[in-house]
Amino acid sequence: MEVLIQNIINALQWGSFYALIALGYTLVYGVLLLINFAHGDIFMVGAYIAFFLVIFMLGNIGLDPGITLALAVPLTMILTSGVGVTLERIAYRPLRRKGAHRLYVVITALMCGLILENGNLALLGASRKRFPELLETTVYRFGDVSVTNLKIIVILAAILVFFFLQFVVTRTKIGMAMRGISYDKFAIPLMGIPVDTVIVFTFILGSGFAGLAGLLFAMSYPVLEPYMGALIGWKAFIAAVVGGIGDIRGAFVGGFLLGFIEIGVVAIFPSTMRDLFAFSILLLILWAKPTGLFGLARHQKI
Amino acid sequence: MKRFLKRTALAAAVMVLAAFMLTGCGSEDENVIKIGFNIPLTGDIPKVGESSKFAAEMLLEDINSQGGVTVGGKQYKLQFLYEDNESKAESAVNVALKLIDQDGVVAIIGPNSSKQAVPAGGTANENETPMISPWSTNPDTTKDRPWVFRAAFLDPFQGPVAVNFAAKTFGAQTAAVIFDISNDYSKGLAEIFRQEWEKKMGPGSVVAFESHGTKDQDFSAQLTTIIGASPDFIFVPNNYNQVALIVKQAHDLGWQGPFMGSDAWGSAELMQLCGDDCKGQHFSTHYAAAGAKGDTKVFIERYNEKYGYTPDDVAALTWDAARLVLQAIESLDQWPSERSAQRAAIKDALGQIDEFAGVTGTMKFDDQGDPIKCAVVVRISDQGAFEFAESVCP
């Protein structure tokens, strides 16, 4: 019983990261119908931005770890969304202007991801970085079940981000514009809605939360390397597809679902079975419902 | 525009071809002896590659500043070629082939981790080029491969060292193991450990035996199973980068008992990545830098002065491995002119070395080309230094 509860907590933490990254995929897809394959690497860049900010604030300025954390959260999100917007500006927008087919934009995204990874490798070298401890780890014990303060923060952050995005997309004017673009991107500009601004806003949201995920990930798994975003990014993308890409709820549920399956399989079977089981189950879900859990065949995506 | 593109493409193709041809027939200097290094400069364990390279550079300077290696009264300059195997098995094979066919080295040093050394050893053996792995402890690296040697002890020896030390020091009856299933080194050592522990403590005394993949970052499910089985200690035969994550996550899950590690912990980067979580833990390794004497002390001081950190066991073993090759070359009566003869002569000379005094201790060689040498157990002190705890000799 204790082992079960412990594993549920483990899965909630691990699923939170998938959910946070999957939300970024789904936002961009919802508006542009573009699979932003660089998103996993934006997450990696977010973790590195957080690392350098924290080192700078702790070392050069000599701030208290608590204040550093409070400052690092917004700064990391702002700077990482800057990276996302820059990518949109220099890689995706020119192609969109020339009316390139979506396929070319997707390939461009894939290449941008590889450039970010290898650019990092070239700039910073292959040696790993240790993320400094910002939060005094407190282990709360309930019988044989242990949970740290950081785990609670990670899970809460994922849930809050979900509600925030759900609110923005469904209850605000700019959210309506985002849904509008995905519904008909030719009619929307005729209504006087600035499409480029809305797209930039979408990238700010998606990349900003990838930055938050990067910071939280670096705090939970404090060894950074240039390829850390690749695999987790791919898996989060699959989670978003299974949830129904383009739907905020889908990304959230898909992320946690993948987290639960992965932890659950490893808890019972040898770890080599993990990806086999996880992706077989996801395949079954897609088989039964090809548009994903929350996706509708002709639904206004996002 | 179209023509321009076509021409650019053609020009690029010609240039690539030319580049291939140029590297294919580089000018040969008869007075140079080339030795290749097949090391992980990027990938999962870049610090291992860096340590190897630094130690080799230091040795190269020593030798070449004295005019080179003397064979049969004639001096030859030494040239070291460093190739990155990205810490991948397939790249290690490609690097071995490149060093053998394209660069024409007379001997290869590395790969370091058994994950790369086992497959690359096969390549070197088939192509009849002597290879000496500094750090690989898996028996398969040299088994039935007359051209392959090593400078490290073997896991069938290291396993019992860990077993006996943990039983004595922790007073442990039960053990749990977490290992990397896609790494020959980690998997092999984990299995030897389980066998030895159950032989000593009875069947079922290894209460959990959990695996993970090389790229994994979350080990919470495995560690929950392990902690649920309440072992007396956890054996972690993993690379240092994974150790940092495993130990921290175990502590986050409420584990307060000891860990026992293996020689792959002993990188200079371990404490940088692991921090306070690793302090007070023990691992078995090839040498202890703190409190060294004689040649070992000189080596450590020189390395420290040159590169600014204490050399880890990979650095010391690479130094020994390279010196073994040089000793083999110097023991020849004359340097053959044919490359295949040079390689064969080095292999025969390496096979004839019975005893060698290295910075990682004195080693004797058995008929598989494996050294018989002592292992050390070190404790990670509160300052993060690797302190000598015990020495175990065969």
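Tabulated results
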| quantity | calculated |
| --- | --- |
| Subset of region B:174-212 that is acidic (Asp, Glu) and at the interface with chain A (Cβ under 10 Å from one of its Cβ atoms) - its residue that is farthest from A:Gly259 (Cα to Cα) | B:Asp180 |
| Some residue of region B:249-270 being closer than 17 Å to B:Val207 by Cβ, surrounded by fewer than 24 Cβ atoms within 10 Å (Cβ to Cβ) and in contact with a Pro (Cβ under 9 Å, 6 or more places away or on another chain) | yes |
| Boolean, B:Tyr303 is within 14 Å of chain A (Cβ to nearest Cβ), among the hydroxyl-bearing types (Ser, Thr, Tyr) and out of contact with any Asp or Glu (no Cβ under 8 Å at 6 or more places or on another chain) | no |
| So A:Ala109, is it away from chain B (no Cβ under 14 Å), of a type outside the set (S, T, N, Q) and in contact (Cβ under 8 Å) with a residue 24 or more places away in the chain | yes |
| Selection from region B:336-363 of residues that are crowded, with 20+ Cβ neighbours inside 10 Å and more than 18 Å from B:Leu154 (Cβ to Cβ) | B:Gln342, B:Arg343, B:Ala345, B:Ile346, B:Lys347, B:Val359 |
| Residue count for region B:364-373, restricted to those that are touching a residue at least 60 places away in the same chain (Cβ under 8 Å) and either surrounded by fewer than 19 Cβ atoms within 10 Å (Cβ to Cβ) or of a type in the set (A, V, I, L, M, F, W, C) (or both) | 3 |
| Number of the exception - A:Asp247 against (1) crowded, with 23+ Cβ neighbours inside 10 Å; (2) in contact with an Asp or Glu (Cβ under 9 Å, 6 or more places away or on another chain); (3) acidic (Asp, Glu) | (2) |
| Residue match in region A:21-37 (condition: of a type in the set (A, V, I, L, M, F, W, C), part of a helix (DSSP H, G or I) and over 30 Å from A:Ala187 (Cα atoms)) | yes |
| From A:Gly192, A:Gly211, residue being part of a loop (DSSP other than H, G, I, E, B) and either more than 14 Å from chain B (Cβ to nearest Cβ) or among the hydroxyl-bearing types (Ser, Thr, Tyr) (or both) | A:Gly192 |
| All positions within region B:28-71 that are of a type in the set (A, V, I, L, M, F, W, C) and not in a helix (DSSP H, G or I) | B:Val32, B:Ile33, B:Ile35, B:Phe37, B:Ile39, B:Leu41, B:Ile45, B:Val69, B:Val71 |
| Count - residues of region A:124-174 that are more than 9 Å from chain B (Cβ to nearest Cβ) and part of a loop (DSSP other than H, G, I, E, B) | 7 |
| Residue in region A:268-279 that is nearest to the chain's Cα centre (by Cα), counting only those that are surrounded by 20 or more Cβ atoms within 10 Å (Cβ to Cβ) and within 11 Å of another protein chain (Cβ to nearest Cβ) | A:Arg274 |
| Residue, nearest to B:Asp312 (Cα to Cα), within region B:352-394, restricted to residues that are of a type in the set (D, E, K, R) and assigned to a strand (DSSP E or B) | B:Glu387 |
| From A:Val198, A:Val253, A:Val265, A:Val223, residue being away from chain B (no Cβ under 14 Å) and over 15 Å from the mean Cα position of the chain (by Cα) | A:Val198 |
| Selection count, region B:183-192, where residues are of a type in the set (Gly, Ala, Ser) and without any contact (Cβ under 8 Å) to a residue 60 or more places away in the chain | 1 |
| Test for B:Thr224: is it surrounded by 18 or more Cβ atoms within 10 Å (Cβ to Cβ) and polar (S, T, N, Q) | yes |
| Residue in region B:153-165 that is under 26 Å from B:Val392 (Cα atoms), more than 14 Å from every other protein chain (Cβ to nearest Cβ) and part of a loop (DSSP other than H, G, I, E, B) present | yes |
| Sole residue being charged (D, E, K, R) and assigned by TED's automatic domain parsing to the domain that holds B:Pro134, chosen from B:Arg379, B:Arg339 | B:Arg339 |
| Some residue of region B:204-221 being modelled with pLDDT of 90 or more, within 25 Å of A:Phe217 (Cβ to Cβ) and of a type in the set (A, V, I, L, M, F, W, C) | yes |
| Selection status of A:Thr202, free of Cβ contacts under 8 Å to residues at least 24 places away in the same chain, in a helix (DSSP H, G or I) and of a type in the set (Ser, Thr, Tyr) | no |
| Count of residues meeting criterion [of a type outside the set (S, T, N, Q) and either under 26 Å from B:Met271 (Cα atoms) or over 24 Å from the mean Cα position of the chain (by Cα) (or both)] in region B:322-343 | 8 |
| Long-range neighbours under 8 Å by Cβ, at least six apart or interchain, first residue under 13 Å from B:Pro258 (Cα atoms) within region B:157-176, second among the basic types (Lys, Arg) and assigned to a helix (DSSP H, G or I) | B:Ala167/B:Lys200 |
| Some residue of region B:117-139 being within 17 Å of the chain's Cα centre (by Cα), surrounded by fewer than 21 Cβ atoms within 10 Å (Cβ to Cβ), touching a residue at least 12 places away in the same chain (Cβ under 8 Å) and under 18 Å from B:Ala321 (Cβ atoms) | yes |
| Selection within region A:58-79 - in a helix (DSSP H, G or I) and in contact with a helix residue (DSSP H, G or I) (Cβ under 6 Å, 6 or more places away or on another chain) | A:Leu58, A:Thr68, A:Ala72, A:Leu75, A:Thr76, A:Met77, A:Leu79 |
| Subset of region B:303-321 (residues that are in a helix (DSSP H, G or I), in contact (Cβ under 8 Å) with a residue 40 or more places away in the chain and closer than 19 Å to B:Gly266 by Cβ) | B:Tyr303, B:Tyr307, B:Asp313, B:Val314, B:Ala315, B:Ala316, B:Leu317, B:Thr318, B:Trp319, B:Asp320, B:Ala321 |
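To keep it simple, each residue is scored yes or no on (1) more than 14 Å from chain A (Cβ to nearest Cβ); (2) surrounded by fewer than 24 Cβ atoms within 10 Å (Cβ to Cβ).
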| site | (1), (2) |
| --- | --- |
| B:Asp29 | yes, yes |
| B:Gly36 | yes, no |
| B:Ile39 | no, no |
| B:Thr42 | no, yes |
| B:Gly49 | no, no |
| B:Met58 | yes, yes |
| B:Ile63 | yes, yes |
| B:Gln66 | yes, yes |
| B:Gln75 | yes, yes |
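The values are calculated or read from the model by the stated rules, or taken from the named source; none is laboratory data. It should be emphasised that the depicted structure is a prediction, and the values quoted were computed from it without experimental measurement. Glycine also receives a Cβ, built like all others from the backbone with ideal geometry; neighbour counts cover every protein chain displayed.
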